[in-house]
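Engineer: So that we are looking at the same thing, I have put the structure below in structure tokens.
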Amino acid sequence: MISHMPPGLIMILAAFLLPVIPHVWRQIYMLGAIALSAYGLFLGAGTHLVWAVLGLDLILYQADALSLPFAIIFHLAAALNVIYSWHDRDWQQHCASLSYAGAAIAALHAGDLVSLFVWWEATAVTSVFLILASGTERARKAAMRYLLFQVTSGVLLLAGAAILASTSGDIRFTKMDLGDAATWLIFIAFGIKAAFPFLNGWLQDAYPEATPTGTVALSAFTTKLAIYALARGFPGTDILIWIGAAMTALPVFFAVIENDLRRVLAFSLNNQLGFMVVAVGIGTELALNGAVAHAFVHIIYKALLFMSMGAVLHQVGTIKASELGGLYKKMPFTMVCCIIGAMSISAFPLFSGFVAKSLTMSALGDAGIIWAYFVLLFASAGVLEHSGIKIPYFAFFAHDSKIETGEAPIGMRVAMGIAAFLCVGIGVFPSLLYSILPYAVDYHPYDAGHVTSQMQLLIFAMLAFVVLVRLKLYPPEIPSVVLNSDWFYRRLAPMVGLPLLRMVMLVWSGLLQQMRGLVNAIWDKLDRIMHSPLAGPTVSGRAVLIQAGLLTLLLLIAYAAAG
Amino acid sequence: MSTPSSKSPSDLQRLGGIFTKALLGIAIVLFGLEFFIHRHGVVSAEESFMFPALYGFLAFLFIVQVGKWLRLMIMRKEDYYD
């Protein structure tokens, strides 16, 4: 019975009981719910649950080779998050993160666009509580902006699905060709959640405002669900190569100058999504394997990096690079885990990022898209800069900030340890990862030429960093805000919109005043007529006069009609 | 407790020195390997001598420099949005 439920749904149902379960038992209970949900994956590929409603066949549980790797890593990320937040007694956050993960997993198994829409929106309304849980006014505002974007994405998806339903009657979620209004709407809906350029402001705006544990959960699901949706709906769509390449390159520059280290990671997350979007755009079997593999390992190392920065924030109370430094002695375990995450994301050989990113780079080379290949190579140096060096350097080294603190709670350390172990494990034994990819893989990342190429790129980029630091040319961290695409709606829109609105209101009130004057003038005239008629008795009131006027008009019309 | 904390800056400098030496060591090994290992490139330029090293080094300098310019344009005070 449970095995026929859509995976993830059981986690959402389980979340309802969380408020009444005492702390610690609550964490064990959540791990149990995640395990039960994962058990449902053993049903294997196929369509397992269809619900006919309102003349539509809603495919609630469909599994195949593409959904499986995402489902595995989503369950794993949910479990890691439970362990990471073991110390946390706030049941609201646990409720939000368990149902959020459940909604994302259920979305992976939606076989039609309407079911997908339901879970798509469910991820939005559950995850927003992880941002709200910070309890600050700043977080509340960011949460509202986040919700606005997420819900808009859902509405666009529903609009696209509705057009498809009315034109073709087919709402199954399969490969689409970008062309008509419906497919464009769906494409943009996916693009918002995948943080395409100029649609990405919500990510860097909201993720760093969530709680230390909340950001870890947020980093795993929404954006990777969008990558999954793109991989299913729009593989081989050329425009994705352009979009993805821009995504890999642009955030790199913002991350260099950002002071909030969790926001640096949010820019880095955007850059990583770019690699996956490019891979989906290439659309070959090797490339799609690359996209999925990258999403899989990315969830682990990005969670690890967010966990390490969350641990620092939890212990120190700030995550601003300008206030941190020298924590390597106070939090050595967190430092080691952070460096493992940093080496993974930078794609050092023997770490997970290398075995995944190699697939995409090889696919680009095979497809002969040289310009994109070099953009991604450039972006790889960028990843090293912001995630590989900047994050560990400013948190744990740089200068002695004289902060007195200790290691994070045991749950946080265990979760970081598991994630770090997986980063190295997958890097050393890539066949484990390759065995669950959508297409059969005959790929060997560890050939001498490939390894030396990658090591040259990384080591000499690091040497550039050392040269800059020694010559004091590396830009110091400054307490500041870096403007991003959210500036358009947080500053430009009010800057242009408010004066415009004020002008409209001014014209409107002027118009109303004129109308009022006109009405008064008419009444004055009527009063004069009533009190001093040309002939006959005076009229007793305005109403009588109006009635008399209307009757006269009626009489004239009747005469005209009769004539 | 004041003694260890006053030592920390020199500890960090020492660590920085070890890190730099290790990097230089690996860089020299990579330089040496370049004479023995044939690297496959997507284009022939990529197979030229120490190409990835040069690309990585210059890309890093470029990113940091553009970041500095970008700071002049898009960096604001912390309370900008408040």
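Engineer: Yes or no: region A:501-511 includes at least one residue that is more than 30 Å from B:G16 (Cβ to Cβ) and surrounded by 11 or more Cβ atoms within 10 Å (Cβ to Cβ).
Structural biologist: Yes, because at least one residue in region A:501-511 is more than 30 Å from B:G16 (Cβ to Cβ) and surrounded by 11 or more Cβ atoms within 10 Å (Cβ to Cβ).
Engineer: What residue, of B:G16, B:G41, B:G25, B:G67, is in contact with a Lys or Arg (Cβ under 9 Å, 6 or more places away or on another chain) and without any contact (Cβ under 8 Å) to a residue 60 or more places away in the chain?
Structural biologist: Matching residue, one of B:G16, B:G41, B:G25, B:G67: B:G16.
Engineer: What number goes with the only condition from (1) over 24 Å from the mean Cα position of the chain (by Cα); (2) modelled with pLDDT of 95 or more that A:H294 does not pass?
Structural biologist: With (1) over 24 Å from the mean Cα position of the chain (by Cα); (2) modelled with pLDDT of 95 or more applied to A:H294, the lone miss is (1).
Engineer: Hey, does region B:10-28 have a residue that's within 7 Å of another protein chain (Cβ to nearest Cβ), at pLDDT below 90, in contact with an Asp or Glu (Cβ under 9 Å, 6 or more places away or on another chain) and surrounded by 16 or more Cβ atoms within 10 Å (Cβ to Cβ)?
Structural biologist: The answer is yes, given that some residue of region B:10-28 is within 7 Å of another protein chain (Cβ to nearest Cβ), at pLDDT below 90, in contact with an Asp or Glu (Cβ under 9 Å, 6 or more places away or on another chain) and surrounded by 16 or more Cβ atoms within 10 Å (Cβ to Cβ).
Engineer: Inside region A:453-476, can you point out the residues that are buried (at least 20 other Cβ atoms within 10 Å of the Cβ) and of a type outside the set (S, T, N, Q)?
Structural biologist: A:M455, A:L457, A:L458, A:I459, A:F460, A:A461, A:M462, A:A464, A:F465, A:Y474
Engineer: Within region A:414-422, does at least one residue satisfy the condition of being more than 30 Å from A:N81 (Cα to Cα), in the same structural domain as A:M455 (by TED's automatic domain parsing) and either without any contact (Cβ under 8 Å) to a residue 40 or more places away in the chain or out of contact with any Asp or Glu (no Cβ under 9 Å at 6 or more places or on another chain) (or both)?
Structural biologist: Kept after step one, since they are more than 30 Å from A:N81 (Cα to Cα), are these residues of region A:414-422: none.
No; the residues of region A:414-422 include none that is more than 30 Å from A:N81 (Cα to Cα), in the same structural domain as A:M455 (by TED's automatic domain parsing) and either without any contact (Cβ under 8 Å) to a residue 40 or more places away in the chain or out of contact with any Asp or Glu (no Cβ under 9 Å at 6 or more places or on another chain) (or both).
Engineer: When the residues of region A:393-425 are narrowed to those that are hydroxyl-bearing (S, T, Y) and over 29 Å from the mean Cα position of the chain (by Cα), which ends up farthest from A:A464 (Cα to Cα)?
Structural biologist: A:T405
Engineer: Which residues, counting only those in region A:479-499, are more than 14 Å from A:F254 (Cβ to Cβ) and of a type outside the set (S, T, Y)?
Structural biologist: A:P479, A:F488, A:R490, A:R491, A:L492, A:A493, A:P494, A:M495, A:V496, A:G497, A:L498, A:P499
Engineer: So if I check each of A:S387, A:S346, which one is modelled with pLDDT under 95, among the hydroxyl-bearing types (S, T, Y) and assigned by TED's automatic domain parsing to the domain that holds A:L463?
Structural biologist: On inspection, the qualifying residue turns out to be A:S387.
Engineer: Further, regarding this structure: Of these, A:G449, A:G517, which one is more than 14 Å from chain B (Cβ to nearest Cβ) and either under 30 Å from B:E34 (Cα atoms) or under 55 Å from the mean Cα position of the chain (by Cα) (or both)? Explain how you work it out, then say what you get.
Structural biologist: Details: A:G449 fails: more than 14 Å from chain B (Cβ to nearest Cβ).
After ruling out the rest, the residue left standing is A:G517.
Engineer: Follow-up. Among residues belonging to region A:457-510 that are of a type in the set (G, A, S) and outside any helix (DSSP H, G or I), point out the one that is nearest to the other protein chains (Cβ to nearest Cβ).
Structural biologist: A:S480
Engineer: Across region A:362-392, what is the number of residues that are touching a residue at least 40 places away in the same chain (Cβ under 8 Å) and within 27 Å of the chain's Cα centre (by Cα)?
Structural biologist: 21
Engineer: When residues of region B:59-82 are filtered for being at the interface with chain A (Cβ under 7 Å from one of its Cβ atoms) and part of a helix (DSSP H, G or I), how many remain?
Structural biologist: 11
Engineer: Here is a follow-up. So which residues in region A:420-437 are surrounded by fewer than 19 Cβ atoms within 10 Å (Cβ to Cβ) and farther than 28 Å from A:P332 by Cα?
Structural biologist: Correct list: A:S431, A:L432, A:S435, A:I436.
Engineer: Determine whether A:L327 is at pLDDT below 95 and surrounded by fewer than 24 Cβ atoms within 10 Å (Cβ to Cβ). Show your work before the answer.
Structural biologist: On the way: at pLDDT below 95: yes; surrounded by fewer than 24 Cβ atoms within 10 Å (Cβ to Cβ): no.
Judged against the criteria, A:L327 is not a match.
Engineer: Does region A:394-405 contain at least one residue that is within 8 Å of chain B (Cβ to nearest Cβ) and charged (D, E, K, R)?
Structural biologist: Scanning region A:394-405, I find at least one residue that is within 8 Å of chain B (Cβ to nearest Cβ) and charged (D, E, K, R), so the answer is yes.
Engineer: Out of A:V312, A:V336, which single residue is out of contact with any Gly (no Cβ under 8 Å at 6 or more places or on another chain), surrounded by fewer than 20 Cβ atoms within 10 Å (Cβ to Cβ) and on the phi < 0 side of the Ramachandran plot?
Structural biologist: Result: A:V336 is the single residue among A:V312, A:V336 that is out of contact with any Gly (no Cβ under 8 Å at 6 or more places or on another chain), surrounded by fewer than 20 Cβ atoms within 10 Å (Cβ to Cβ) and on the phi < 0 side of the Ramachandran plot.
Engineer: Among the residues of region B:39-48, is there at least one that is more than 8 Å from chain A (Cβ to nearest Cβ) and modelled with pLDDT of 90 or more?
Structural biologist: No, every residue in region B:39-48 fails to be more than 8 Å from chain A (Cβ to nearest Cβ) and modelled with pLDDT of 90 or more.
Engineer: Is there a residue being part of a helix (DSSP H, G or I), buried (at least 21 other Cβ atoms within 10 Å of the Cβ) and more than 14 Å from chain B (Cβ to nearest Cβ) anywhere in region A:165-185?
Structural biologist: no
Engineer: Would you please name the residue that is surrounded by the most Cβ atoms within 10 Å (Cβ to Cβ), looking only at residues in region A:371-391 that are over 15 Å from A:G341 (Cα atoms) and more than 10 Å from chain B (Cβ to nearest Cβ)?
Structural biologist: The selected residue is A:L376.
Engineer: Yes or no: A:I72 assigned by TED's automatic domain parsing to the domain that holds A:I171, touching a Gly at 6+ places or on another chain (Cβ under 6 Å) and touching a residue at least 40 places away in the same chain (Cβ under 8 Å)?
Structural biologist: no
The values are calculated or read from the model by the stated rules, or taken from the named source; none is laboratory data. Here the structure is a predicted model, which is why all the values come from computation and not from measurement. As a convention, Cβ positions derive from the backbone with ideal geometry for all residues, glycine included, and neighbour counts pool all protein chains shown.
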